[in-house]
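Written below as structure tokens is the structure these notes are about.
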Amino acid sequence: MEIRCMALVLASVIALAGCEDKTPKAIPEWGKHGTEPADTTTPPLPPTPPEPVEDTLNYSEDLSISAAEADYCGIAVTYSISAAVSGSDSYGLFYEGAYYPGPALPEGGASLMQVIPLPKQNTEATVNVYLKNSEGTVYSQGATVAVPAQPEPIKLDWEKLTIAGLPDAATVYHAKTQVEGKNFEAWYALADPSAVDVKIKVPGAAATLENQASADASTLVMVNGGYFYNGKHTGHAVLNGSQLNPVPSVRGSLRSSSPEYNVMYFVTRGTFALGSDGKPSVVWAGTDNQNATHYYSRPLASVCGEARYAQPNALLPEKEMGLKPAAALGAGPVLLYDGQIPFNFTETAKGTEYYRNNFEIMPYDIFGPGSLADRTAVGILPDGKIILFVCDGRIKTSTGLDLVQLARVMKGLGCSYAVNMDGGGSTAMWAGGSRLNSLEKDMNGNTENRPVVSTIGFYKK
């Protein structure tokens, strides 16, 4: 049976096996307008129950699940395939009517771990392993897991700032408070892309934010952008519809002493994109072997030390979105996607820094519960307005945030989508003619006014 047919049948089975339908009943037209129906003497007949549908999944003992567990951002399944798998076969996990291609099979037939990102929240889910070959598709017996709720947003008291020279089209807010018992100071700028120009810039040479902003008289607000090394932008970038940089593969660890230092992983990376109409989006970007970059609504679920995937393409990790951005800037990780935080700091059995849900393989100086730092982020509200956010970190007046805290703060601001940009000494916000966040050196004496090679800003139309 073809996959699309199988998905329809399974969806019917799930619907029949579910609980009583609690969907609110539609109000009839007469109820909306306050008039009586023509005839209320004959009670309506109860709905005829549908005919039972047989479970048509074709099970195989060659596929087996040894462990399955879930947290709010992923369902982790350990499974094995004892059947021979050829290069033209496909395998992976089947969940909620969708197929999630699996990572590379370990040598010697050992079991492998695969994680399904962004599971449906507050649900009990059934997951199967699938194997599709020329003879059809077979499945393992299902494993059922409970998916918990997402972390609560962090809501702060924000004060609107009055900044000379800044029009009403762009507003800036400030908070000086505590987050989970630690000093915290942050700023965010808010604008509607219909009222301002939103621009991504990648100049030819690194320069401080003050120099870059003051060089353009139309600049209203500017924050630093993506990652860079030796004065060169290292992540994905698109300007005027043309790709400047692809999404590179990455080392499993930046620690030269780590066994993952010389292991390379293909990844998708969190990206802020602007359409030709100025509409913003947050997506995952991945580059194929022809140097073409594709955009997705879920990440390639790479797991350091556990799951290595083939290079992304138009169908991996899913069918691409078809997005053709006029401008885009990659960094990562994605902090919020449709209101969900897609990562946490759960470690695998391999231990320290082997995070199960670090799908973008972010390095230790950015990702982890102990990585409290200055942060820059871009968020999108449900109405399409854009937030540019910075917070100070690693100074006495502001400790900074880890990435889960940052995602929760962005959610507290009302964002549905958000992505992390470069932080640390690169973090800066310029508005109305001056820098807002601290120029104080961090606790290690490092400068907090670093020249940067990419920016995101609001500009006069």
Distance from the range 265-294 to the range 63-96 (C-alpha centre basis), Å: 27 Å
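Give me the Kirkwood hydrodynamic radius of the range 344-461 in Å, from all C-alpha pairs, to one decimal place?
Values: mean 1/r = 0.0646 Å⁻¹.
Averaging 1/r across every pair of different Cα atoms and inverting gives 15.5 Å.
Report the convex hull volume per residue for the range 164-323, counting only C-alpha atoms, in Å³.
Cα-based convex hull of the range 164-323, divided per residue, equals 182 Å³.
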Mean separation of Cα contacts under 8 Å, 6 or more apart, over the residue count of the chain: relative contact order %: 17 percent
Cα centroid of the range 349-411 to Cα centroid of the range 159-226, whole Å: 18 Å
Peptides ranked, highest mean first, by Cβ atoms within 10 Å: ranges 174-182, 258-266: 258-266, 174-182
Share of pairwise Cα separations in the range 127-185, more than 15 Å, in percent: 74 percent
Whole-number percent relative contact order across the range 296-433, with pairs defined as alpha carbons under 8 Å at least 6 apart: 27 percent
Cα-Cα P(r), the range 415-461, percent of pairs per 10 Å interval: 20, 48, 27, 5, 0
Using distinct alpha-carbon pairs, which all enter the 1/r mean, Kirkwood radius of the chain in Å: 24.1 Å
Highest to lowest packing among 401-413, 304-316, 223-235, scored as the average C-beta count within 10 Å: 401-413, 223-235, 304-316
Percent of Cα pairs exceeding the 14 Å cut-off, where the set is the range 382-426: 51 percent
In Hz, Karplus ³J(HN,Hα) per residue of the range 79-96 (6.51, -1.76, 1.60; θ = phi - 60°; x = Gly, Pro): 8, 9, 10, 8, 6, 5, 10, 8, x, 8, 7, 10, 8, x, 10, 10, 8, 6
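Only the coordinates and a few stated rules stand behind these numbers; no lab work does. Nothing here was measured: the structure is a model prediction, and the numbers come from that model. Heads up, the Cβs are rebuilt from the backbone with ideal geometry, glycines too, and the neighbour counts pull from every protein chain shown.
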